[in-house]
Amino acid sequence: MSFLRSIFPETLFPRRLDEASERRLKLAQARAEEALVETHVQNALLFVDALADEMSFDRAIDAYIRVMNVPEPLASTVATRVLVVLGQDLMPQRDSAASEDGRPAIRIRRDDTP
């Protein structure tokens, strides 16, 4: 047994955390990941703004992700959230037409008549 411990120190095989510690660890990890996404979104928006005269916003987002080497699936999340922020300025929300559950009601035209 001591032979195995000399080859594989205990630090390579961490002990299992108790359930409460595991939950706290998951919550801390989620907060850290969310902060990372939000930081990338804010920086990508600055990138879009700085390059507005040079390229379209979608190309600027792609350039940010490429230059910063943001891995998938984080890259998709960042791109989507940047588009949401940009879209809020371009497309006002339709609060007046809400359904019973609070979501916006979507009107679908069912034929070609106006």
Worksheet item: Could you say whether any residue in the range 2-18 is farther than 21 Å from THR80 by Cα, in a helix (DSSP H, G or I) and modelled with pLDDT of 80 or more?
Response: no
Worksheet item: What single numbered condition from (1) loosely packed, with under 11 Cβ neighbours inside 10 Å; (2) at pLDDT below 90 fails to hold for ALA32?
Response: (2)
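Do the conditions hold for ASP112, that is, is it at pLDDT below 70 and either in a loop (DSSP other than H, G, I, E, B) or among the basic types (Lys, Arg) (or both)?
So ASP112 passes the test.
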Worksheet item: Is there a residue being small (Gly, Ala, Ser), within 17 Å of the chain's Cα centre (by Cα) and modelled with pLDDT under 90 anywhere in the range 80-94?
Response: yes
Practice prompt. Restrict the check to the range 72-79 and report whether at least one residue is farther than 16 Å from GLU33 by Cα and in a helix (DSSP H, G or I).
Written response: no
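The values are calculated or read from the model by the stated rules, or taken from the named source; none is laboratory data. Computed from a predicted structure; not experimentally measured. No Cβ is skipped: glycine too gets one built from the backbone with ideal geometry, and neighbour counts run over all protein chains shown.
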